[in-house]
Amino acid sequence: MFRRDSNASFVRKGLIFQSYTFESGRIRSKKKLLISQYDKLLKLQEENPVLVMEIEKTPKKWWMFMNDFYYEDEGYEEEEIKALALERLSKKERRVKRAMSLVEQATAIEGDTREQIPDDVKIFVWKRDSGKCVKCGGRENLEYDHIIPFSKGGSSTARNIELLCLSCNRSKGDSLV
C-alpha cells in the first residue's frame with residue numbers, strides 16, 4: 001500500500017542542541033536530525049524521495065518527497081516511490097484542471113444572463129409582424145425570437161427580432177434558419 005501521510009511531520013526538539021524528529025500520529029522516529037542534516041534532507045527530497053523512517057519488524061517505511069510524506073509497506077525502492085508520487089500529483093493536477101474548467105463553464109452560464117428585449121422593440125415587432133407568427137401565420141403561443149440567436153452574438157434590436165409561435169420557434173432551435 002502506498003499512501004500520502006497527512007499526519008506526518010518533522011518536529012523541532014531540544015533547546016541547546018536543536019534537532020528534528022519525524023512523527024506520524026503516535027509513531028516517532030528514534031533518530032534525531034541536527035539542523036544541518038535536516039536542511040540537507042529538505043534539499044534532497046525536492047528531487048528524489050528520501051527514506052525518513054522505517055518501523056522495525058514490519059515492512060512499513062515513510063518517505064519524504066516534494067514536501068509531502070508517504071508511507072508504504074510493499075518494499076518499494078526510491079525510483080518506484082518517485083513514480084507513484086509523481087503519478088498522484090499528475091492525477092491531482094488533472095482533477096484541479098477539470099474542476100477549474102467546470103467553474104469557468106458555470107461562470108460563463110451565469111454571465112450569459114441576457115438582457116430583456118426592450119418594450120419599444122416588442123411593440124414595434126408586434127406591429128410589424130401583425131401579431132402573428134412570421135412562418136405559419138399562427139396567433140397563439142407567440143414568442144419573440146432572435147433571428148441571429150443571442151448565443152451566437154445576436155442583438156435585441158427590432159432588425160433581429162421576429163414573432164414565432166411556440167412550435168415554429170422550437171423547430172428552429174438556435175439555428176439561423
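Here, each number is a calculation from the coordinates, and none is a lab measurement. This is a predicted model, so every value here is computed, not measured. Heads up, the Cβs are rebuilt from the backbone with ideal geometry, glycines too, and the neighbour counts pull from every protein chain shown.
Sort out the exposed loop trypsin sites (Lys or Arg not before Pro) in the chain (DSSP loop, at most 14 other Cβ within 10 Å) and tell me the longest stretch that has none. Between the exposed loop sites, the longest stretch runs 58-113. For region 52-64, putting each phi into the Karplus relation 6.51 cos²θ - 1.76 cosθ + 1.60 with θ = phi - 60° gives couplings of 9, 6, 10, 9, 4, 6, 9, x, 6, 9, 10, 10, 10 Hz, in residue order, rounded to whole numbers and with x for Gly and Pro.
Helix 119-128 and the longest principal axis of the Cα set of the chain meet at an angle near 40°. For the chain, a crude dipole built from +1 on the beta carbon of Lys and Arg and -1 on the beta carbon of Asp and Glu, taken about the Cα centre, is about 320 debye to the nearest 20. Only aspartates and glutamates eight or more places from residue 40 in sequence, or on another chain, were considered; those with a Cα closer than 20 Å are 23, 54, 68, 78, 79.
Here the scattering of the chain is modelled by Debye summation over its C-alpha atoms, one equal scatterer each and no solvent; at q = 0.14, 0.17 Å⁻¹ the log10 of I(q)/I(0) is -0.84, -1.05.
With no solvent and one point per C-alpha, what does the Debye sum give as log10 I(q)/I(0) for region 119-172 at q = 0.23, 0.29, 0.32 Å⁻¹? Log10 I(q)/I(0), no solvent term: -0.83, -1.17, -1.28. Computed on region 1-137, with alpha-carbon pairs under 8 angstrom and 6+ residues apart, the relative contact order is 17 percent. Dividing the summed -39500 (n - 2.57) terms of all DSSP H runs of n ≥ 4 by the residue count of the chain sets its mean residue ellipticity at 222 nm at -11500 deg cm²/dmol.
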